[in-house]
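All remarks here apply to the structure that follows.
Read-outs throughout are calculated quantities, based only on the coordinates presented, and are distinct from any laboratory measurement. Everything quoted here is computed from the prediction, not taken from an experiment. With ideal geometry, Cβ positions are generated from the backbone for all residues, glycine too; neighbour counts draw on all protein chains shown.
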Amino acid sequence: MAEHTPSHASGRTVVLAGATSAAGLAVTRALVAANARVIATGRSNARLQELAGAGAQVELADATSLDEMTALASRLGPVDAVVPLVGGWRGGGGLAGQSDADFAALLPALEAVRATSRAFDDALRISDAGRFAIVSSTAVARPLTGGANYAAVKAASEAWTRAVAQGYAKAAREAGEPLRAASVVLRAKALDPEVLAARIVALWDDDASALNDHVFDLG
């Protein structure tokens, strides 16, 4: 059992979509230690059990499916953060090596960003401090030939996430209310699950205005 420590994440409800990975486990443990409620989704019951053991409420659901994410959002009600963690990497071989099969294998990461942001849009806007965060790559800023497929998918995910941020800002402005929801990009060169976990826990340390439509380097 993780030891609870004081944190602004305490009491928050966080959805980790596609969380059956080392990153998902690290983020789950950090959030549980911060006294947050974690809902972790995945497509394999067996792989979800480690997350359940770490203190998450687990849900068998496909993060790339708008229908399944919408159904989950309806069951859960209010949430304070959604973090799609579907990932993977394929590359190498220059432009000739950027196969259609590899590109198709990378697309679920973008599909998860689209599905989760759409399904949980209302829930995050209702929260007094909604957070939508994606994990991206420094490859977006400096794409290489051998990773063109990967960089393209990550760039598209970042563009979508920035569009989500613009939507949050526009809604707050039109309602004459302070900005409460934030959509952020977390970029890493080589993802360290523990660094990611600490950054997710810290999403409530700053006001939405300091986070929304920003890119943060995870090192």
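Within the stretch 8-49, which trypsin sites (Lys or Arg not before Pro) sit in a loop by DSSP and count at most 16 neighbouring Cβ atoms inside 10 Å?
Numbers: sites: Arg12, Arg29, Arg37, Arg43, Arg47; in loops: Arg12, Arg43.
Filter output for the stretch 8-49: Arg43.
So if I take the centroid of the Cα atoms in the stretch 92-153 and the same for the stretch 9-74, what is the distance between those two points in Å?
19
For the chain, state the semi-axes of the equivalent ellipsoid (square roots of 5 times the eigenvalues of the alpha-carbon gyration tensor), sorted largest first and rounded to whole angstrom. Walk me through the numbers on the way to the answer.
Details: eigenvalues 135, 87, 56 Å².
With the √(5λ) rule applied to the chain, the semi-axes are 26, 21, 17 Å.
Can you list residues from other chains, or at least 5 along the same chain, whose modelled amide H is less than 5 Å from the amide H of Val58?
The list, which skips near neighbours in sequence, is Ala40.
Assigning unit charges at the beta carbon (Lys, Arg +1; Asp, Glu -1) and nothing else, what dipole magnitude in debye, to the nearest 20, does the chain show about its Cα centre? Don't skip to the answer; put the middle values down first.
Values: 20 positive and 23 negative charges, 44 e Å.
Taking the Cα centre of the chain as origin, the dipole is about 220 debye.
Report, in deg cm²/dmol and to the nearest 500, the calculated mean residue ellipticity at 222 nm for the chain, where each DSSP H run with n ≥ 4 adds -39500 (n - 2.57) and the sum is divided by the residue count. Mind dumping the intermediate values first?
On the way: 7 runs with 95 residues, N = 219.
Result for the chain: -14000 deg cm²/dmol, rounded to the nearest 500.
In whole Hz, what ³J(HN,Hα) sequence does the stretch 197-209 give by Karplus (6.51, -1.76, 1.60; θ = phi - 60°), x for Gly and Pro?
4, 4, 5, 5, 4, 7, 4, 9, 6, 10, 5, 4, 5
For the stretch 132-204, which trypsin sites (Lys or Arg not before Pro) pass both filters: DSSP loop (anything but H, G, I, E, B) and at most 13 other C-beta atoms within 10 Å? Provide the component values of the computation, followed by the final result.
Working: sites: Lys154, Arg162, Lys170, Arg173, Arg180, Arg187, Lys189, Arg199; in loops: Arg180, Lys189.
Hits after loop and neighbour filter: Lys189.
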